[in-house]
Amino acid sequence: MASKKQGLFLGAAALSSMAVVVAGTSIHWSQSQAFFRESPKEVIDEVWQLIDHEYVDDTFNDQDWQAIRTSYLNRDYTDSTAAYDAIREMLDSLDDPYTRFMDPQEFRNMQIDTSGELTGVGIQISQDEETEDIVVVSPIEDTPAFEAGIRSGDVIIGINGESTEGMDLSDAVNLIRGPVNSEVTLTIRRNDEEINFDLTRARIEIHPVRYAYHPEKEGGVGYIRLTQFSANAATEMREAIQELELRDVTGYVLDLRSNPGGLLYSSIDISRMWLSDGTIVSTVNREGTVDENVASDRALTDKPLVVLVDGGSASASEILSGALQDNNRAVLVGTKTFGKGLVQSVRGLGDGSGIAVTIAKYLTPSGRDINTLGIEPDFIVELTDEEREYLGEDRERIGTEEDPQYAKAIEVLNDMIRGQREAASVRGVVAD
């Protein structure tokens, strides 16, 4: 897997403003546009072939995949739109919300370099497999959605007055996206309340890492908040740890709350900054082949670490937090994570459209398959609606004593630091 690091994406949701890197195109657009326009069956077969060769479940959801190919290729298609509808219908039979087709416009929306600027309102959305609700996985910090107070778990029931009932996830993404400075209204269901959010789309420059030095009872604490696993996340994480090490911190709080995921290699690189040895993650493909990623004895610090997680911590966040928890490197505080243990490869198709294909699942170092299950923290701290609203009113309160989950993390971290000092003192007495 590591050799394909630019092609593997671990986001938990469809991307209304998030960026991915395309794995590659099987036929160059400029050479084949006319051909595929005249032969819409070709793109159907191209998608079928990709699924046939790469999809993680070789039973294809207990279907006769060869018979499905025959059925769809025996139909007549008047244009590419009809072929696209057939592809989506074919993929729906897999019952996998993460394997999805994108028409050329939708695919161009995804062809945004993960290290560059994004445009949109700044939310990650997913579709509930049972209810088909369009659900907010998390808002991205410093974006219109975040500033307006949209929260993880909110259900989008309307976009510009149009109901999302029965709406495909990609259609919802297209309605939410739009030019910079244009407006979109999202109608949210939160518990039993309906709320309208009038948002102005923006160009968003993402810096995924923020950090600060916090003086505490047992010494200085390095607080690091990671908002997504983009291409520049590892570089910024390294800089944060190195800067805080220069300030001689006694321990760290790593905040992964509302971090929806990102690139596989980014989560592995960051894990190696905290782990000197041990397994980070194992990926398992349809043949059962396990590709194990391990620490490389290049950790930047061995000081006590507490990780904050919640229901918006997904995928790449779960790889990192699972690796740290299973290797006894960190204690997790917060609430259960999202539960996405699947890896997608994003592929370009011959007519300029694209497909995200689930190609593998991943396991934590102890062998846990956390897909749909999530990771349970060591200390569960739920936020009330009032506490969420209070923190949402001023994001500067996040990661302070006014943040109950952070306050618990500091309590746990202080206990860890004291325990480490006492153990060192006992060792010193024995040595004397």
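The values are calculated or read from the model by the stated rules, or taken from the named source; none is laboratory data. None of these values were measured; they are calculated from a predicted model. Because the Cβ atoms are built from the backbone with ideal geometry, glycine has one as well, and the counts that use them run over all protein chains shown. Side chains are part of the model used for accessible areas, which takes the heavy atoms of the whole protein and leaves out ligands, DNA and RNA. Shrake-Rupley method; radii C 1.70, N 1.55, O 1.52, S 1.80 Å.
Please pick out the residue among Ser366, Ser353 that is open to solvent by less than 40 Å² (accessible area, probe 1.4 Å), in contact (Cβ under 8 Å) with a residue 12 or more places away in the chain, polar (S, T, N, Q) and at negative phi.
On the way: Ser366 fails: open to solvent by less than 40 Å² (accessible area, probe 1.4 Å).
Only one candidate qualifies: Ser353.
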Of (1) buried (at least 21 other Cβ atoms within 10 Å of the Cβ); (2) among the polar types (S, T, N, Q); (3) touching a Pro at 6+ places or on another chain (Cβ under 7 Å); (4) modelled with pLDDT of 90 or more, Ser138 fails just (4)
If we keep only residues of region 67-85 that are of a type in the set (Val, Ile, Thr) and within 35 Å of the chain's Cα centre (by Cα), then the residue farthest from Gln49 (Cα to Cα) is Thr81
Given the conditions (1) modelled with pLDDT under 95; (2) part of a helix (DSSP H, G or I); (3) open to solvent by 50 Å² or more (accessible area, probe 1.4 Å), every one holds for Arg272 apart from (1)
For Ile319, the lone unmet condition from (1) open to solvent by less than 10 Å² (accessible area, probe 1.4 Å); (2) outside any helix (DSSP H, G or I) is (2)
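Examine region 371-386 for a residue that is in contact with a Phe, Trp or Tyr (Cβ under 8 Å, 6 or more places away or on another chain) and either of a type in the set (Lys, Arg) or more than 23 Å from Ser266 (Cβ to Cβ) (or both), and state whether such a residue exists. Step through it out loud before you land on a result.
Taking region 371-386 first, the residues in contact with a Phe, Trp or Tyr (Cβ under 8 Å, 6 or more places away or on another chain) are 374.
From what is left, the residues that are either of a type in the set (Lys, Arg) or more than 23 Å from Ser266 (Cβ to Cβ) (or both) are none.
No, every residue in region 371-386 fails to be in contact with a Phe, Trp or Tyr (Cβ under 8 Å, 6 or more places away or on another chain) and either of a type in the set (Lys, Arg) or more than 23 Å from Ser266 (Cβ to Cβ) (or both).
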Review point. For Ile417, are the conditions met, namely being open to solvent by less than 70 Å² (accessible area, probe 1.4 Å), β-branched (Val, Ile, Thr) and more than 26 Å from the chain's Cα centre (by Cα)?
Key: yes
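Here's the yes/no breakdown for (1) surrounded by 21 or more Cβ atoms within 10 Å (Cβ to Cβ); (2) assigned to a strand (DSSP E or B):
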{"site": "Arg189", "(1), (2)": "no, yes"}
{"site": "Asp198", "(1), (2)": "no, yes"}
{"site": "Arg203", "(1), (2)": "no, yes"}
{"site": "His207", "(1), (2)": "no, no"}
{"site": "Arg210", "(1), (2)": "no, yes"}
{"site": "Pro215", "(1), (2)": "no, yes"}
{"site": "Val221", "(1), (2)": "yes, yes"}
{"site": "Thr235", "(1), (2)": "no, no"}
If we keep only residues of region 44-61 that are among the charged types (D, E, K, R) and more than 13 Å from Asp96 (Cβ to Cβ), then the residue most open to solvent (accessible area, probe 1.4 Å) is Asp58
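Residue-wise test of (1) open to solvent by less than 40 Å² (accessible area, probe 1.4 Å); (2) under 25 Å from Val209 (Cβ atoms); (3) assigned to a strand (DSSP E or B); (4) modelled with pLDDT under 95.
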position: Ile370; (1), (2), (3), (4): yes, yes, no, yes
position: Ile375; (1), (2), (3), (4): yes, yes, no, no
position: Arg388; (1), (2), (3), (4): no, yes, no, yes
position: Gln405; (1), (2), (3), (4): yes, yes, no, no
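One line per residue, one yes/no per condition, for (1) of a type in the set (Val, Ile, Thr); (2) at pLDDT below 95:
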| site | (1), (2) |
| --- | --- |
| Ile188 | yes, no |
| Ile204 | yes, yes |
| Ala231 | no, yes |
| Ile241 | yes, no |
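Can we say Thr335 is at pLDDT 95 or above, under 29 Å from Asn293 (Cβ atoms) and under 21 Å from the mean Cα position of the chain (by Cα)?
Numbers: at pLDDT 95 or above: yes; under 29 Å from Asn293 (Cβ atoms): yes; under 21 Å from the mean Cα position of the chain (by Cα): yes.
Judged against the criteria, Thr335 is a match.
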Worksheet item: Just a yes or no: is a residue in region 397-415 over 22 Å from Val306 (Cβ atoms) and out of contact with any strand residue (DSSP E or B) (no Cβ under 8 Å at 6 or more places or on another chain)?
Response: no
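Could you check region 390-403 and list, in sequence order, the residues that are buried (at least 19 other Cβ atoms within 10 Å of the Cβ) and among the acidic types (Asp, Glu)?
From region 390-403, those buried (at least 19 other Cβ atoms within 10 Å of the Cβ) are 391, 398-399, 403; that's our starting set.
Selection gives Asp403 alone.
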Note on region 120-133: residues modelled with pLDDT of 85 or more and either part of a loop (DSSP other than H, G, I, E, B) or closer than 16 Å to Glu193 by Cα (or both) are Val121, Gly122, Thr131, Glu132, Asp133
With the first residue restricted to region 224-251 and required to be free of Cβ contacts under 8 Å to residues at least 24 places away in the same chain, and the second required to be among the polar types (S, T, N, Q), Cβ contacts under 8 Å at 6 or more apart or on different chains are none
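If I ask for residues that are among the polar types (S, T, N, Q) and open to solvent by 10 Å² or more (accessible area, probe 1.4 Å), which ones from region 248-267 would you list? Before the answer, list the steps.
Step one: of region 248-267, the residues among the polar types (S, T, N, Q) are 250, 258-259, 266-267.
Passing the criteria: Thr250, Ser258.
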